[in-house]
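S.K.: Take a look at this one; I'll ask things after.
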Amino acid sequence: MMYPVTIGHSEVKVNPLGLGTNAVGGYNLFPGLDDQAGIDLVKTALDNGINLLDTAYVYGLGHSEELIGQAIQDYDRHKIIIATKGAHDFSTGKEVINNDPDFITKQVNDSLKRLQTDYIDIYYLHFPDHDTPKAEAVGALQKLREEGKIRAIGISNFSLAQIKEANADGYVDIVEDEFSLLHQDHLTEGMLDYLHENNISFVPYFPLASGLLTGKYTTDATFPADDIRSQITDLKEPRYSTILHAVDLVRPIADNHHATIAQIILAWYLQNPLITAVIPGAKNARQVLSNAKAMKIELSTDEYQTIEQAFNQFKQIKSGKSLKDPD
């Protein structure tokens, strides 16, 4: 049974299994999305113990936030934790990452309108820009927190050096970045140690590594050049076969719990002391229901260590990002 966890220095408490919503209204990221299916997906999460909804402006250029705003109208807002992100500036007609305090302030106010709420529980700077001093950008979020518009301050896709700069005044509560059993760079780079020492929460995205940690891929899988998966290093040899072998070592544990491999992997994250919450995405309500079952799985110490050892080699591999823009 999962218990709520506190985000950084804030008063925000979340159930540690959340929902990534880039497939809710993210028409610029996924083809053929249905708005009502996205709303139903969010409601299914809320009805099954998932109260952390992670979205962003760039998911459909605000449309994901709009659909979430519609979905939550029938629920007690104070029981829902909404996390959203901003930094993408299209005002010039081109995509630019912008952390300027005035721009970020406008982003927050616009997100509040789309979400149909008067406060955002967690607001992230989605990506760092090249020019804005990081502590200055976070300072703008702190001002918004003092105004009651946000409750916790987050940063996403920042390097360790940038995190330290952003946290110069101790305002950062949470960091979101790519991390999975296949992408453990942050363990060796010292990022997770710094977050732990400074009471900053950590939320990994891509926890199932584009489906590679679900057990659905086979050795004969191929991807045409126009399939985005053909660009992912994880799906290229010899790394691909190494990953499949590690996943196979998880199958007996899944069978023991009458669970799927994905549910066991999510349970491993939920028991990892360095991880505050995990936000697997979903494209339909069925996937949400399946992910929610991970909250009821308790791995034994031996099972936890077996999984860790199966993927231990990936701590030594500099893997980098799965995609240029993971969201």
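S.K.: I want to verify the translational diffusion coefficient of the range 93-211 in µm²/s; compute it with Stokes-Einstein, Rh as the Kirkwood radius over Cα pairs, at 4 °C and 1.567 mPa s. Before the final figure, lay out each step's value.
M.R.: On the way: Rh = 14.9 Å.
The Stokes-Einstein estimate is 87 µm²/s.
S.K.: With each pseudo-label sitting 7 Å past Cα toward Cβ, what's the Gln116-Gln231 distance in nm, one decimal?
M.R.: Each label point lies 7 Å from its Cα, and together they span 3.5 nm.
S.K.: By average Cβ neighbour count within 10 Å, what is the ranking of 60-68, 155-163, 94-102, 11-19 from highest down?
M.R.: With the highest mean Cβ count within 10 Å placed first, the list reads 60-68, 11-19, 155-163, 94-102.
S.K.: Report, in debye and to the nearest 20, how large the dipole of the chain comes out about its Cα centre when Lys and Arg carry +1 and Asp and Glu carry -1 on their Cβ. Walk me through the numbers before you get to the answer.
M.R.: Details: 28 positive and 45 negative charges, 91 e Å.
Once rounded to the nearest 20, the dipole reads 440 debye.
S.K.: If you don't mind, there's one more thing I want to ask. Got the relative contact order for the range 1-60 handy, in percent, Cα pairs under 8 Å and 6 or more residues apart?
M.R.: On the way: 77 pairs, mean separation 23.0, N = 60.
About 38 percent, as a whole number.
S.K.: Of all DSSP beta bridges in the range 1-146, what percent run antiparallel (nearest 5)?
M.R.: Numbers: 4 of 13 bridges.
Of those bridges, close to 30 percent are antiparallel.
S.K.: Shifting gears a bit: If eta is 1.002 mPa s and T is 20 °C, what Stokes-Einstein diffusion coefficient results for the chain, Kirkwood Rh from Cα pairs, in µm²/s?
M.R.: Working: Rh = 20.1 Å.
Translational D for this selection: 107 µm²/s.
S.K.: Using amide H atoms built 1.01 Å from N in the peptide plane, name the residues 5+ places from Tyr27, or on other chains, whose amide H lies under 5 Å from its own.
M.R.: Excluding prolines and chain starts, which carry no amide H, the hits are Gly60.
S.K.: Taking only C-alpha pairs under 8 Å that are 6+ residues apart, what is the relative contact order of the chain in percent?
M.R.: On the way: 602 pairs, mean separation 65.7, N = 327.
That works out to 20 percent.
S.K.: Still on this structure, please answer the following. If amide hydrogens are placed 1.01 Å from N in the peptide plane, which non-local residues have theirs closer than 5 Å to the one on Asp89?
M.R.: For Asp89, the qualifying residues are Val96, Ile97, Asn98.
S.K.: What net charge is computed for the residues neighbouring Val96, neighbours being all others with C-beta under 12 Å from the C-beta of Val96, Lys and Arg scored +1, Asp and Glu -1? Don't skip to the answer; put the middle values down first.
M.R.: Numbers: positive: Lys94; negative: Asp89, Glu95, Asp100, Asp129, Asp131.
Taking every Cβ under 12 Å from that of Val96, the sum is -4.
Quick note: the coordinates plus some simple rules give every number you see, no bench work behind them. On a predicted model such as this, the values are computed, not experimentally measured, just so you know. Note: ideal-geometry Cβ built from the backbone for every residue, glycine included; neighbour counts use all protein chains shown.
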